[in-house]
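Inspection log for the structure reproduced underneath, given as structure tokens.
Since every read-out is calculated from the coordinates, none of them should be taken as a lab result. None of these values were measured; they are calculated from a predicted model. Backbone-built Cβ (ideal geometry, glycine too); neighbour counts: all protein chains shown.
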Amino acid sequence: MAIRHALAAPALLGALLITVSGQALAADVARASFGQLSTGETVEAFTLTNNNGVSARVITLGATLQSLVAPDRNGKSADIVLGYATAADYEKYANYFGVSVGRYANRIGKGRFTLDGKTYQLALNDNGVAALHGGKQGFDKKVWKVLEVKSGPVASVTLGYTSPDGEEGYPGTLTVTATYALDENNQLTIDYRAKTDKPTVVNLTNHALFNMAGEGAPEGAMGNVLTIPADHYTPVDAELIPTGELKPVEGTPFDFRKPRVVGQDIRDGSDPQLVIGRGYDHNFVLNGKTGGQMQLAARLEDPVSGRVLEVLTNQPGVQFYAGNFIDGTTVGKSGKMYRQGDGIALEPQVFPDSPNKPHFPSARLDPGKEYHHQMAFRLTIAPAQ
């Protein structure tokens, strides 16, 4: 059963509890203001909560995951994603914390690609050498429209944005939706869909940075233990663009097929790839089939608290970024400075620079087709050792 709220509802929907066939179903959706931007645009926040103490807050600016609260093995709750307390801070700082990135997540080399014989030039917003995360005014900087809010066994909010033909240099009018849904199994699913009226390229993902010890924890996130089921990764050049090689992880610091502490080898100066990226900032080629049902892309655990995150996706790759460029110049929502290594991004995606690498999975979207990226963050608790 689901309850649909009219978009003209009051600013606060409030916590709901409904009973069907004698069973209590969690149905908590809270709607509130999250402040204003310098443009005068209002940003709203939607908090989804289940009966297990898990909650997710999504804001309309950038269709952003602003908070994800999870209990540990002792029942102590912590917010495990980096973020800011105000809309003004999200507008001011370009850290991509929790945002929905597009049209093309990650990098496109030289900001240029060719489609059906025509070359498109994008903004070089990554140190002047590449297009990054959709450009100077990507989807993360747009206030998305609220399309639907549902309560019931699964609480959800659907946001939408229409990107006009030529925005940031991309062809075609692209109509996009992002649905965040929290269930009673402690799984937050993010469902991205897009349609176009001209051939274009699309690669949408969420850029949450996690610390399973809790955002702002003094020890940072380098003690988190990571598993990625990938036999290969895509090495990068000096501009952080994939060379096109699919390199085996065997015998390298990139082998996360078995659980590995993130900080174990991150400072290994003998590996040129770690030097180039200032640590991990690489795409991993996931094992198994893609394009259908979601499969495991990564598992992240804090051994001390027992909090576990599993990232699921139907996409072929996952970008592992260890927060190498966070420099201590911003203060997060809990009043703590964010420093290098304070958060870990695990971004399911098509590979970086796929439009320029024919042997990489295609990011092309044609009229009459639908782009569909389904990803999920599943929360569990590991028993004490």
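Order of K336, K118 from fewest to most other C-beta atoms within 10 Å?
Details: K336 15, K118 9.
Fewest-to-most ranking of K336, K118: K118, K336.
Which of L124, L274 comes first, and how do the rest follow, when ranked by fewest Cβ neighbours within 10 Å? Mind showing how you got there, number by number?
Values: L124 17, L274 22.
Ordered from fewest to most neighbouring Cβ atoms within 10 Å, L124, L274 come out as L124, L274.
Per DSSP helix of 4 or more residues, -39500 (n - 2.57); summed, then divided by the residues of the chain. What does that give at 222 nm, rounded to the nearest 500?
Numbers: 2 runs with 12 residues, N = 385.
Helices in the chain give a 222 nm mean residue ellipticity of -500 deg cm²/dmol.
Express in whole angstrom the spacing between the alpha-carbon centres of segment 25-103 and segment 196-238.
With segment 25-103 and segment 196-238 each reduced to a Cα centre, they are spaced 18 Å.
Remind me, relative contact order of segment 179-319 in percent, using alpha carbon pairs under 8 angstrom and six or more residues apart?
Values: 225 pairs, mean separation 32.7, N = 141.
In percent, rounded to a whole number, it is 23.
Compute, for segment 82-140, the length of the dipole vector about the Cα centre, with Cβ point charges of +1 (Lys, Arg) and -1 (Asp, Glu) only. Units Debye, rounded to 20.
Details: 7 positive and 5 negative charges, 57 e Å.
With Lys and Arg at +1 and Asp and Glu at -1, about 280 debye.
Only one of the values (1) 22.1; (2) 28.5; (3) 19.1 was calculated from this structure for mean projected area of the Cα convex hull in nm²; name its label.
Derived directly from the coordinates: (3).
Normalised by the number of residues in segment 3-381, what is the relative contact order in percent for Cα pairs under 8 Å and 6+ residues apart?
RCO, segment 3-381: 17 percent.
When only C-alpha pairs under 8 Å and at least 6 residues apart count, what is the relative contact order of segment 182-258, in percent?
On the way: 58 pairs, mean separation 15.3, N = 77.
Relative contact order of segment 182-258: 20 percent.
Connecting C-alpha atoms closer than 10 Å in a GNM of the chain, tell me which of D237, D353, D28 has the biggest fluctuation.
D237
So for the chain, taking the charge dipole from beta-carbon charges (+1 Lys/Arg, -1 Asp/Glu), which of S77, S151, F377 sits furthest toward the positive end?
It is S151, whose Cα lies furthest towards the positive end.
For segment 3-381, with only Lys/Arg (+1) and Asp/Glu (-1) charged at the beta-carbon, what is the dipole magnitude about the Cα centre, in debye rounded to 20?
460
Going by how many other beta carbons lie within 10 Å of each one, how would you line up V202, V318, V129, fewest first?
Numbers: V202 23, V318 26, V129 17.
The order, fewest Cβ neighbours first, is V129, V202, V318.
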